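These notes concern the structure reproduced below.
Throughout, read-outs are computed from the coordinates displayed, never taken from laboratory work. Owing to the predicted nature of the structure, the values given are computational and were not obtained by experimental measurement. Counting neighbours? That spans all protein chains shown, and the Cβs are built from the backbone with ideal geometry, glycine included.
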Amino acid sequence: MNEPSKRPWGRWALRSLAGVLALVLLAGVAVWLLIRGSLPQLDGTLELPGVRQSLEISRDERGTVTLAGDNRLDLARGLGWVHAQERFFEMDLTRRSAAGELSALFGEKALERDRQRRVHRLRARLTERFQSLPPHEQALLQAYTDGVNAGLHALPVRGWQYLLLRATPQDWTPVDSLLVISEMYFMLQSNSFEAGLERVLVREKAGDVMYQWLYPRGGRWDAPLDGSQVAAPVLPSASDLDLRVGRKKSPATDLATGGQVVRGDAPPLVASAERGDPGPVCSMSFLSGFAGHSLLNFRKQAPGHPFPNSQDCCGCDARTSEVAALDEPQVVGSNNWAVAGSRTVHGGAILADDMHLGLGVPSIWFRAQFQFGKGDGAVRAAGVTLPGLPALIVGSNGHVAWGFTNAYGQWFDWVEVPADAKLTRHDEVLQVHKGAAQSFVVEELEGAPVVVTEDKRRFALHWVAHEGEAYSLVLDDMLKARHVSDALSVAQRAGMPHQNLMAADREGQIGWTIAGRLWSQRGIEATQGRLAEVAQMRHTWLKPEEYPQVLSPAQGQLWTANSRQLGGELAERLGDGGFDLGARAQQIRDRLSERPRHDENSIGEIHLDDEARFMRTWSNRFQTLLKNHPDRAALAQLLAQWNGRADADQVAYRLVRTARLNTLNVLWLSWTRPFLGERQDDEKQRIRWRNQFEYSAVQALEQQPAHLLPVDYASWDALLLAQLDAAAKEMSADGPMAQATWGRQNSSRIQHVLAKAIPPLSRWLDMPSAPQSGDTNMPHVAGPAFGQSQRLVVSPGREENGWLSMPGGQSGHPLSPYYGAGHDDWVHTRHTPLLAGPAQHRMTAVAP
């Protein structure tokens, strides 16, 4: 008798497998269709409430949006519609971050972050501010808001990000646009006010002499527009600080690993072989440039730290967050420069601008071209917009071109809350996605929120961003500027974070001023490292004629790069909020001076100048040292062969850079531990050095005072040699030294926020990683997730020869043809035209 056949069971298994595969396929198709359902509309007719006359919206091959209509309000509606369709999720994160409302989207893990922001009560403050804006500004914001909501509701399916988060997007309001401005304040100024309180704490502990030494105001790398100089601080005497007295050799805590012990003359260990720039200085700025960086990486603050979550790694991974205190503090800022018509081959002024911010997908900026009006009043302006706002942030209108770099002035006061102070209390409620609402109390001292508790002391922050006058839409008037003097006037009246405005016009003139509302100052000496009295929080607003400015300079060139711009009385009107070192500004100034005449190409070359003039001084120092150590001939040869640039293929640059950072870290901790104590051994609470500390360290290395030599080293040469050896050891950890190039450490990591939270999405959402040349103290600023968020070169009236390159792409939708568009050109430094090209898609807006 035959056995029963097993074939029916085989058929059942195959059919089951086929069924499972079919279900998986159907599920995949359904997900794809859902995601595709939120694609922006590119062609046809769209209904746009409030449109008065004809409005055409077109896109070129890179997704540059051209809005052509008869009036400004219609263009605002059209821009709002496009922003919502392409970027609403990023806009939503921006307003929520500023207002402290992320928990309503992300749940309980965002509560701590929201408390840090809600203490500023910006939605309440800006609701009042909106009511006091001039009617035409209210109308502009309302028109933009109407466009945003129309674009949002026109999507057949809510954005794919909201499907993933199982959330529903909420309508836009005019106040939300003001919140976008406030997020810019956080992004550009929070590092300054955090550093301001750190300076207070250091000055109280260390005294005036040591404070002035640890925080010098300038030095050899300064390149101010007025040529002013700042005297070097006096070297502390042994009576001020003597590391030889009262302190034995002690274990040197490794800053990166947080516990390796090094004794005697052994070199201190440093960070892992992959240590890189920590990305943007996130501080309390959650979005770090609106690029959507690491928004789901919520961390708990260290108890007692004066700035909760100040080590949040916005845009960095867990590895880089561990070494954030090691690397050179990133300066959120920019470069810009201009030459007058007298210094160009064609007689027209030329402007260049690159804004340094956190980089992500999609780009921070959104390319746009405005065309409206008729006859002599017609406007054609091209540049970048910021989703959430109706204005053109940087660009050219055919008559005037303008660009910005961050201005590091004293835009804040710190006040210790008196024990008997009468505080105003506000009850705040935080909505939580899929959770119970949370309540907490905000206390204010005469309008200044109490934001920090340090050793039972309480500190209130009075910040210009708390004031209604700091917000307006005056920048939109730049569209109609006809001369540089007009642009300077607009900047001096604008309510926006303080910037170095650089402008050029078609008549060949150039100019500089500070954009943003300035308030009265107490003077640099009275504010640096010092608390304000309660009465001193009451400032008056400066009149435009009181603003510093430079118009038509005799040398025909201007430059700014986040460093000190002026000396004397004008500098006192701005204060010092933590300027950058100045090496970038100096190199730009010198590059401009090298040619009697420039064109767009020679001006644009400066964007990518990665000659390491600053780092060359450290290379020379190490080469001199190695002449007395023939046992390290390989290191000496490596330095001798360096090409002097921060090129991606260079090993020597990385070696010098790492050894310099090691040296500054050792000196800073050695000089601050006697005053700040155990705090400096705690990575989460440590007060770290700022960029100007370079001058103090170099002065000590050159003069070699015995009382300032860290006790763990037998001599100053031994200290330097130990840091060089440690750098070499780090670089050799994962393979031959010859492969430890700068580009290997400085490879780009330009990511989408949701890929940061869900790593498997990276292959679909992130931009390809690539080794990068460039670094911090040179014009070509480049870090893994930080750098030139755009590169602009334009001569007003000659926009056809101008260019504008951006990383990350236009669209936030991964199925869009404009997702990542233009990124490859940015990576390979190809010029992308400023003006929009031939239209590939076209829409017409009509009233419903």
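Brief remarks on what is shown
- Across the stretch 521-649, C-alpha contacts under 8 Å between residues 6 or more apart give a mean separation that, scaled by the residue count, equals a relative contact order of 22 percent.
- The stretch 613-748 - percent relative contact order, Cα under 8 Å, separation 6 or more: 34
- Subtracting the Cα-Cα distance of ALA770 and ASP171 from their residue separation scaled by 0.36 nm leaves 211.8 nm.
- Annotation: amide H-H contacts under 5 Å for ALA407 (H modelled 1.01 Å from N, sequence separation of 5 or more, or interchain): GLN499, ASN500.
- 12 Å beta-carbon shell around THR145, net charge (K/R +1, D/E -1): -1
- Annotation: extensible slack from ALA124 through HIS828 equals 248.9 nm (criterion: 0.36 nm per residue apart, minus Cα-Cα distance).
- Placing pseudo-labels 7 Å out from each Cα toward the beta carbon at GLN704 and HIS629 gives an inter-label distance of 1.4 nm.
- Prolate/oblate/rounded label for the stretch 482-621 (Cα gyration tensor, a/c 1.5): oblate
- Helical runs (DSSP H, four residues minimum) scored at -39500 (n - 2.57) apiece and divided by the length of the chain put the mean residue ellipticity at 222 nm at -10500 deg cm²/dmol.
- Cross-link pairs LYS109/LYS434; LYS205/LYS456; LYS109/LYS422; LYS684/LYS729; LYS374/LYS480 - those with Cα-Cα distance over 21 Å: LYS109/LYS422; LYS684/LYS729
- Entry note, the chain: relative contact order of 20 percent, from Cα contacts under 8 Å with a spacing of 6+ residues.
- THR45-GLU204 pseudo-label distance in nm [points 7 Å out on the Cα-to-Cβ vector]: 6.8
- Screening the chain for DSSP H helices whose Cα atoms reach 24 Å or more along their own axis and whose mean Kyte hydropathy is at least -0.5 gives 7-36, 72-99, 135-154, 174-214, 652-676.
- Qualifying trypsin sites (Lys or Arg not before Pro) for the stretch 374-423 [loop in DSSP, other Cβ within 10 Å: at most 14]: LYS374, LYS422
- Cα gyration tensor, the stretch 613-748 - rounded (a/c under 1.5), prolate or oblate: prolate
- Under 14 Å from the ALA419 label point (7 Å along Cα→beta-carbon), backbone N, the stretch 426-461: 456-458
- Within the stretch 764-798: backbone nitrogen closer than 14 Å to the ARG616 label point (7 Å, Cα to C-beta): 778-779
- Label of the coordinate-derived value, Rg and Dmax of the Cα atoms in Å, listed as (i) 33.2, 104; (ii) 35.5, 126; (iii) 27.7, 111: (iii)
- LEU34-GLU525 pseudo-label distance in nm [points 7 Å out on the Cα-to-Cβ vector]: 6.6
- Under the convention that each Lys and Arg Cβ holds +1 and each Asp and Glu Cβ holds -1, the size of the dipole of the chain around its Cα centre is about 1580 debye.
- Restricting the stretch 48-89 to GluC sites (Glu not before Pro) that sit in a DSSP loop and have at most 15 other Cβ atoms within 10 Å of their own Cβ leaves GLU61.
- Each Lys or Arg adds one and each Asp or Glu takes one away; over the other residues whose Cβ falls under 12 Å from the Cβ of ASP824, this sums to +1.
- Contour minus Cα-Cα distance for SER228 and GLN555 (0.36 nm per residue): 116.1 nm
- Seen from TYR408, the other residues with C-beta closer than 10 Å to its C-beta sum to a net charge of -1, counting Lys and Arg as +1 and Asp and Glu as -1.
- Zone residues, the stretch 463-489, relative to GLU446, backbone N less than 14 Å from point 7 Å out along Cα-to-Cβ: 463
- Rounded if a/c under 1.5, otherwise prolate or oblate - the stretch 718-808, Cα gyration tensor axes: oblate
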